[in-house]
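What follows is a short report on a single structure.
No value in this document is a laboratory result; all are computed from the given coordinates. Fair warning: this is a prediction, and the values are worked out from it, not measured in the lab. Cβ sites come from the backbone with ideal geometry, for glycine too, and all protein chains shown count toward neighbours.
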Amino acid sequence: MRRLGADGVTVAFDGLTALSEVNLAVAPGRITGLIGPNGAGKTTLVNVLTGFQAPTGGAVTLDGTALTGLKPHEIRRKGIARTFQGGRLFRDLPVIDNLEVTGVGLGQSRRAAIAEAEAMLDWVGIAALADRIAGTLPYTDERRVAIGRALMGRPGYILLDEPAAGMSAAEAADLAALVRRIALEMGCGVLLIEHNVGLVLELCDHIVVLDSGAVIETGDPAAIRASEKVRHAYMGTAAEAQMPEGVA
Amino acid sequence: MSARTSVARRTLATPLILSALLIVFALLAWFVGSKPFNQTIIDIFLRVILVVGLYIFVGNSGVISFGHAGFTCLGAYAAAWLTMPPMMKQTLLPGLPEWLTALQLPYWAGAGLAALWAAVWAALFGKILMRLSGIAASIATFAMLAMINTIYSNWEDVTGATSSVVGIPIVRTVWPYLIAAILAVFIAWAHAISRAGLALRAARDEPTAASASGIDLPRERLIAFVVSGAVMGMGGALFAHSIGVVTPDTFYLGLTFITLSMLVVGGMGSLSGAVIGVLFLSVLIQALRWLEAGVTIGASKFALPNGVQEIALGVVMILILARRPSGLMGNKELGWRRAGSVAPDVSGQKQPDLSKGVSK
């Protein structure tokens, strides 16, 4: 079965357990949500899935094969892409080169990488930004470039780490449309990590809730919205405000 | 779909303009025709080779290397081994293997092999060093230089230890040095526009995002290290042929600091900066030397006191770096049109270590 999975992943930094026996699966063409309060271990899990953090227990598997010991660039070449909180663009390079770098990293010639980068910018809807220096972009455009960069080479999976942070409602809606297209048109499996719970409830087929490094709930948006445990975990963190009732 | 011209065509202006600049210097030497001036121009070309060689690694990776003079040392001694008359080698370097003692190659073949020899050692050292980042990598390159210097200063039979190895055929015309300098510029350009060069420059500021983009950073760094080691080796060989004598200390701290200063003053992130830095500081040094020697104006002779050259050089370097922390060229390259490929407000941030924390 095609899936990217965390199977019983545990991460312990001397004494402190950041993740304990976390199971999670991302399927092609589907959007999986990962939510949880601050410090729940969401980013740590993304780091484990993309090879930036070695798990102290359990394994990351791609279509049933363990990815143990692979470096981040090797994992990327297997078709598991990610974005970062805060963009992490190559600031001094033009937008087009930001995408081209990934093409080159995946083994394309510069010519082929530029061609794909142009097509990708077009697909994401930011072709007009191609020659802008990445460091001069506004926040929202930065996110789109980061997503375009991660989509180079048509990865099987993409992990989006808080792509909507700091966005207005309208901008978040645009982003939601883009994320849907990534799953539907590219058949890419999406893992969406977000603080904006409303966005996650709206977009995701399946949601995993982390708290203090452990999975406390999984299910479809309706189940998550109804869950007492989730409500409890978010108590005191303005969860009520973040979980609008009207979201379909 | 792709209306963009190829990367090579878009950037070819840079090495062409730099080559033209170097040719102007060579023609100057040719027209003036004085022997000391000829040697001055040769020295400039040698520094261009070495600083451009240094740029290939430092400029693209952002890792400051204090060790590249070591590759120059390797290249210079390789040239001595390969081109000295066998009789001289027998007396001065009795420890050389027989086949090497018997061998006497023309200087250009020797320089080619010297480049290869330096590249092999760069690959061996680099395999270990390129895993390190930042200041750890810089210190490790310095350790490498110290090792090379110690070995060459003590291996009496093979390197003549600290005494001078003489009898290396001297090449006095500027043209071979000009050609080698232009070759170095084109090698640096070709590397910079290659996939390896692009990947390395991206990783310079965002190593994390680069590895998430599929880039194998140690590998890209190693490629740059080996290419730059080869250019430094070639420069070392020609250095040996320019004066006919080598000692290990010629290729130690003094050379390390002058080449690094020229690169920093010119602009670390730019190939044009590497060449401009050499030309600018070399002309300055030369002008100060003339003034120290004395200039006759009318009836009176005007001369600066000795030592002013070093002091003035230091002051000028500090002033330039205070005004332009990312060097004369910043991250820009010379082009036909002023291709403002890097916005001025971010250009300062690309510079690693030295310029960090300096606000404009």
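Here are a few things to note about the model shown:
- Computing FRET efficiency as 1/(1 + (r/R0)^6) for A:T68 and B:K35, where r is the C-beta to C-beta distance and R0 is 51 Å, gives about 0.15.
- Convex hull projection area averaged over all views, segment B:1-63, Cα basis, nm²: 5.9 nm²
- Ratio of the Cα radius of gyration of segment B:202-301 to 2.2 N^0.38 Å, where N counts its residues: 1.55
- For chain A: relative contact order, % (alpha-carbon pairs under 8 angstrom, 6 or more apart): 26 percent
- Take A:152-163, B:96-107 and order them by the average number of nearby Cβ atoms within 10 Å per residue, most first; the result is A:152-163, B:96-107.
- Mean Kyte hydropathy of 0.5 or more with a Cα span along the axis of at least 15 Å, helices from DSSP in chain B: B:13-32, B:35-61, B:68-83, B:107-129, B:134-154, B:175-193, B:217-243, B:253-266, B:271-293, B:308-323
- Protection proxy ranking, highest mean first, for peptides B:276-285, A:96-105: A:96-105, B:276-285, where packing is the per-residue count of other beta-carbon atoms within 10 Å, averaged.
- Each of B:E310 and A:H232 was given a label point 7 Å from its Cα along the Cα-to-Cβ line. The distance between the two points is 7.6 nm.
- Computed label-point distance, nm, for sites B:I23 and B:I297 using a 7 Å Cα→Cβ extension: 3.7 nm
- Stretchable slack from A:D122 to A:N23, in nm (0.36 nm times residue separation minus alpha-carbon distance): 32.0 nm
- Here the Karplus curve 6.51 cos²θ - 1.76 cosθ + 1.60, taken at θ = phi - 60°, turns the phi angles of segment A:66-74 into couplings of 6, 9, 3, x, 7, 7, x, 5, 6 Hz, with x standing for Gly and Pro.
- FRET efficiency, B:I179 to A:S168 (Cβ-Cβ, R0 51 Å, nearest 0.05): 0.25
- Take every pair of alpha-carbon atoms less than 8 Å apart whose residues are at least six positions apart; their mean separation over the length of chain B yields a relative contact order of 27 percent.
- Shielding by other protein chains, B:195-204, mean Cβ within 10 Å: 5
- Taking every full run of DSSP H in chain A, the ones that stretch at least 15 Å from end to end by Cα along their long axis and average 0.5 or higher on the Kyte-Doolittle scale are A:95-105, A:169-186.
- Here the Gaussian network model covers chain A, with springs between Cα atoms less than 10 Å apart; of A:R180, A:R88, A:R143, A:R88 fluctuates the most.
- Share antiparallel - DSSP beta bridges, the protein assembly as shown, percent rounded to 5: 60 percent
- Label point distance in nm, B:V120-B:R10, each placed 7 Å from Cα along Cα→Cβ: 4.0 nm
- Most fluctuating residue given options B:A76, B:A161, B:A111, as computed from a GNM of chain B linking Cα atoms under 10 Å: B:A161
- Distant-in-sequence amide H partners of A:T56 (H built 1.01 Å from N, under 5 Å): A:T10, A:V11, A:A12
- GNM result for chain B, Cα springs below 10 Å: residue of B:V165, B:V295, B:V231 fluctuating most strongly: B:V295
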